[in-house]
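Note sheet for the following structure.
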Amino acid sequence: MYKSILLHCCFVWLFMAGLIAQPIFSVSQLSLDEDDIGSVVTVDISVTNFENIISAQFSVNWGHDVIQFAGLDNLGALNLVENENFNLSPADVNSGRLRFSWYAQSGGGVTLPDEAILFSMKFMVSGSYGTYTSVAITNDPMVIEVANSDSQILDVILENGEVAIGNVPTDNITDQNLTALKNIPNPFSDFTQIAFTLKSAETVKLGIYDSVGKLVHTQSKHFNTGEHTFLITSDLLPATGVYSYKIETTTAYFSKKLIFVQ
């Protein structure tokens, strides 16, 4: 009897845990013009399903050769304080990373409206025309961890952002030289081939990123005119899951998803 009640309670707990919505953290996507070089732009970190949350911490990474940290804004949703909730040491921000941590002072969980801005980051645009950088929530160096008032560590969904100078689209891009094709198969278990075409010979770089924006594989090669592929085998990836990949040349890039399954 006791064992039956215990099993029932376990099933109820697992069912209720499955009903907890995963918090979504989103980062702005900015497409800038050449006139924006030298100006200050704002990248928002917003949240959805931020329900009954008692603590949150993570890092934000960006390419400091394209954008340079210029300050914080919109701290009111959680009453954040710059010198308490952020590490703004020059060693960190000058190398393209920010550490964020917050704990509900009241001791109870906090709920925010969907798409509420958690905080905003201001950047001075320093890159040249045609350059870009991801702005990604990552584990480097502050590990991503979000907990609710029941002390449950929650899985989170990341929708990372980007700053592109020159209105460079991020999917199915076609410019004078680079054209994106499909990666086949997708999902894959043993291997997948990421295809693209070039109208003239050029060096092409591939980067594969995990769900928190960490680079897990890269390769670069000079290709002649025509259709080409990068071969990705299962041993190149650390675990099954959803990854994003980016193919880039000196003038353009495209980014898509690939799914690794067993």
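Results for (1) in the same structural domain as GLY38 (by TED's automatic domain parsing); (2) in contact (Cβ under 8 Å) with a residue 40 or more places away in the chain; (3) closer than 24 Å to GLY108 by Cα; (4) loosely packed, with under 14 Cβ neighbours inside 10 Å, shown as yes or no for each residue.
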position: HIS64; (1), (2), (3), (4): yes, no, no, no
position: PHE69; (1), (2), (3), (4): yes, yes, no, no
position: ASN79; (1), (2), (3), (4): yes, no, yes, yes
position: ASN94; (1), (2), (3), (4): yes, no, no, yes
position: ARG97; (1), (2), (3), (4): yes, yes, no, no
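Taking each residue of segment 219-242 that is over 19 Å from THR179 (Cβ atoms) and not assigned by TED's automatic domain parsing to the domain that holds GLN193 and looking for partners that are in a strand (DSSP E or B) and modelled with pLDDT under 90 with beta-carbon atoms closer than 9 Å, six or more apart or interchain, yields nothing. You will find that of LYS257, LYS205, the residue that is at pLDDT below 85 and part of a strand (DSSP E or B) is LYS257 and no other. With respect to the stated conditions, SER128 is surrounded by fewer than 13 Cβ atoms within 10 Å (Cβ to Cβ), modelled with pLDDT under 90, over 24 Å from SER234 (Cα atoms) and out of contact with any helix residue (DSSP H, G or I) (no Cβ under 6 Å at 6 or more places or on another chain).
Among residues that are crowded, with 19+ Cβ neighbours inside 10 Å and assigned to a strand (DSSP E or B), SER55 is not included. Here the condition is being in contact with an Asp or Glu (Cβ under 9 Å, 6 or more places away or on another chain), among the aliphatic types (A, V, I, L, M) and over 18 Å from ILE54 (Cα atoms); of ALA91, ALA136, it holds for ALA136 alone.
For segment 208-229, the set of residues classified as assigned to a loop (DSSP other than H, G, I, E, B) and closer than 30 Å to VAL143 by Cβ consists of ASP210, SER211, VAL212, GLY213, LYS214, listed by residue number.
The values are calculated or read from the model by the stated rules, or taken from the named source; none is laboratory data. Please read these numbers as outputs of a predicted model, since none were measured by experiment. FYI the Cβ positions are ideal-geometry reconstructions off the backbone, even for glycines, and counts take in every protein chain you see.
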